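Here's the structure we're looking at; comments come further down.
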Amino acid sequence: MLFVGDDWAEDHHDVEVQNEAGKVLKRVRLPEGMAGVTRFHDLVGRFVAEDADPREVLVCIETDRGPWVRALVAAGYQVFGVDPKQAARHREILSSSGAKSDKGDAHALADMIRTRRHQLREVAGDSEIAEAVKVVTRAHQTLLWERTRHMLRLRVALRDYFPAALEAYKPLGLTSQAVLKLLAKAPAPEAAAKLTISQISACLKGRRDIPGKAVAIQDVLRAQHLGQAPLVTTAYASTVKSLAAIIAVLNTEIKTLQGEVEAHFGRHPDAEVILSQPGIGVVLGARVLAEFGDAKNRYASAKARKNYAGTSPITRQSGKTRVVQARFVHNDRLVDALHLQASCAILHDRAVRAYYDQLKARDISHNAALRQVGNRLVGIFHGCLKTHSHYDQATAWSHHDYDLTA
């Protein structure tokens, strides 16, 4: 067998090849792209027989995605994507000096796959549909996060020079199209105070009780508030106008990408099973699918899926001291999606709510209880996917004596 350590960078790969005895057979730097992959195959071909099984070549790399990894998997090699933290710990085992180099990292990865492959997880290829869902879902969520960041910047700016706007527009939401139009039309306090009822009403088109809302907004904008010097106010107004324009564009693109998320997710064969889970809608379901993936052999059990999700606790024990804590190393996007699912599920599913109330009765905090609810829901989710069956409340909670008829 051949053991290959691949330390990747944006435009090249440092590769080391070892045999089963740990002898270094070759060290080389390969370019990214087709030329690099071709040279990688040629390199491997020097040390294996022509009729050898490609799976006798084990590759260790600090990523599990991208065209390069996909090409290696397609060639039939066993590819193991390891966490950078795992690789760093193994490098410390080989050298305590703290020295680090690309060649040294490739050596550590090759040694890691040779000596500890039984502890590593092979890259499991997701389907093309799942990969497409991941791309559009992550892009959609990233834009949502960007909108939140810009909204917070907008809020800070308004608080510094135009507090009346925060008070007047708070019921509408700073990212709403109505508020963005009003800020674009009148970003300065003096201009906002001159807005007429008809101008405000035009921006509120599509909302309920437009006359009442318009009067309330006008009253707040025309009241006396603290402010800044005229020149400073002008500078702030320019900044706010730009922020409002950016948020308006983000709103449009978020809506467009949401349509793409729904379209791609709807094509997946597990979509109906996922949507049957308590607390999950289309967008949230797409996020869960994207972060878990759909490779059949990735999760050997419900426990393995829970561990990856970061919902299962970890135990730290030394002597007589034993502490159970939440996992701090996890996929942030997946944890966020599962937390939202648990939050929604306790509102709409009686069994989930009963389980949550049971946890709260033991003086467990809200977030810790939600984490345990999420952990239980991941186990149910795994079972449903394994049997390709929809969520059934009675089956999922049969081991709990809950009165679900109340």
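The values are calculated or read from the model by the stated rules, or taken from the named source; none is laboratory data. Keep in mind that what you see is a predicted model, and the values were worked out from it rather than measured. FYI the Cβ positions are ideal-geometry reconstructions off the backbone, even for glycines, and counts take in every protein chain you see. Accessible surface areas use protein heavy atoms only, side chains included; no ligands, DNA or RNA. Shrake-Rupley method; radii C 1.70, N 1.55, O 1.52, S 1.80 Å.
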Based on what the data block shows, is S301 closer than 17 Å to R376 by Cβ, touching a helix residue (DSSP H, G or I) at 6+ places or on another chain (Cβ under 8 Å), loosely packed, with under 14 Cβ neighbours inside 10 Å and touching a residue at least 60 places away in the same chain (Cβ under 8 Å)? yes
Scanning for something open to solvent by 70 Å² or more (accessible area, probe 1.4 Å) and not in a helix (DSSP H, G or I), does the range 165-174 turn up at least one residue? yes
State whether one or more residues within the range 364-383 are under 27 Å from T142 (Cα atoms), in contact with a His (Cβ under 7 Å, 6 or more places away or on another chain), surrounded by 13 or more Cβ atoms within 10 Å (Cβ to Cβ) and not charged (D, E, K, R). yes
Take the residues in the range 348-363 that are touching a residue at least 12 places away in the same chain (Cβ under 8 Å) and farther than 17 Å from S398 by Cα, then tell me which one is surrounded by the fewest Cβ atoms within 10 Å (Cβ to Cβ). H348
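Mind telling me which of the residues D160, D219 ends up being of a type in the set (D, E), in contact (Cβ under 8 Å) with a residue 40 or more places away in the chain, out of contact with any Cys (no Cβ under 8 Å at 6 or more places or on another chain) and on the phi < 0 side of the Ramachandran plot? It would help to see each step written out before you state the result.
Details: D219 fails: in contact (Cβ under 8 Å) with a residue 40 or more places away in the chain.
Going through D160, D219 in turn, just one is of a type in the set (D, E), in contact (Cβ under 8 Å) with a residue 40 or more places away in the chain, out of contact with any Cys (no Cβ under 8 Å at 6 or more places or on another chain) and on the phi < 0 side of the Ramachandran plot: D160.
Please find, among L180, L154, L174, the residue that is farther than 30 Å from R305 by Cβ, at pLDDT below 95 and aliphatic (A, V, I, L, M). Let's see the steps before the verdict.
On the way: L180 fails: at pLDDT below 95; L154 fails: at pLDDT below 95.
Selected residue: L174, the only one of L180, L154, L174 that is farther than 30 Å from R305 by Cβ, at pLDDT below 95 and aliphatic (A, V, I, L, M).
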Taking the range 314-335 on its own, how many of its residues are in contact (Cβ under 8 Å) with a residue 60 or more places away in the chain and not basic (K, R)? 1
So V17 fits all but one of (1) open to solvent by 80 Å² or more (accessible area, probe 1.4 Å); (2) closer than 18 Å to M112 by Cα; what number is the exception? (1)
Close pairs (9 angstrom Cβ cut-off, 6 or more residues apart or separate chains): at negative phi and without any contact (Cβ under 8 Å) to a residue 40 or more places away in the chain in the range 61-77, surrounded by fewer than 18 Cβ atoms within 10 Å (Cβ to Cβ) and among the hydrophobic types (A, V, I, L, M, F, W, C) anywhere: A71/M34
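Can we say H390 is in contact with a helix residue (DSSP H, G or I) (Cβ under 8 Å, 6 or more places away or on another chain) and within 24 Å of P269 (Cβ to Cβ)? Spell out how you get there, then give the answer.
Working: in contact with a helix residue (DSSP H, G or I) (Cβ under 8 Å, 6 or more places away or on another chain): yes; within 24 Å of P269 (Cβ to Cβ): yes.
Yes: the conditions hold for H390.
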A326 is checked against (1) buried (at least 20 other Cβ atoms within 10 Å of the Cβ); (2) under 14 Å from G374 (Cα atoms) and fails just one. What number does that condition carry? (1)
Is one or more of the residues making up the range 188-207 open to solvent by 60 Å² or more (accessible area, probe 1.4 Å) and on the phi > 0 side of the Ramachandran plot? yes
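So which of A108, A75, A88 is touching a His at 6+ places or on another chain (Cβ under 9 Å) and open to solvent by less than 30 Å² (accessible area, probe 1.4 Å)? Give the steps one after another, and end with the answer.
Numbers: A75 fails: open to solvent by less than 30 Å² (accessible area, probe 1.4 Å); A88 fails: touching a His at 6+ places or on another chain (Cβ under 9 Å).
Just a single option satisfies the conditions, and that option is A108.
Sort through H107, H140 and tell me the only one that's over 24 Å from N297 (Cα atoms) and touching a Gly at 6+ places or on another chain (Cβ under 7 Å).
Sole residue among the options that is over 24 Å from N297 (Cα atoms) and touching a Gly at 6+ places or on another chain (Cβ under 7 Å): H107.
In the range 43-52, is there at least one residue being touching a residue at least 40 places away in the same chain (Cβ under 8 Å) and closer than 18 Å to S101 by Cα? Please lay out each step first, then the result.
Initial filter on the range 43-52 (touching a residue at least 40 places away in the same chain (Cβ under 8 Å)): 44, 47-48.
Narrowing the set further to residues that are closer than 18 Å to S101 by Cα leaves none.
Within the range 43-52 (the criterion being touching a residue at least 40 places away in the same chain (Cβ under 8 Å) and closer than 18 Å to S101 by Cα), the answer is no, since none of the residues qualifies.
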Return yes when R55 is basic (K, R), touching a helix residue (DSSP H, G or I) at 6+ places or on another chain (Cβ under 9 Å) and either at pLDDT below 90 or surrounded by fewer than 19 Cβ atoms within 10 Å (Cβ to Cβ) (or both) and no when it is not. no
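Residue by residue through the range 58-67, note down the ones that are under 18 Å from D102 (Cβ atoms) and either among the aromatic types (F, W, Y) or at pLDDT below 90 (or both).
We begin by selecting, within the range 58-67, every residue under 18 Å from D102 (Cβ atoms); these are 59-63, 66.
Listed by number, the residues that qualify are T63, G66.
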Quick one: in the range 384-400, of everything that is over 16 Å from Y299 (Cβ atoms), assigned to a helix (DSSP H, G or I) and of a type outside the set (S, T, Y), which residue is least open to solvent (accessible area, probe 1.4 Å)? A396
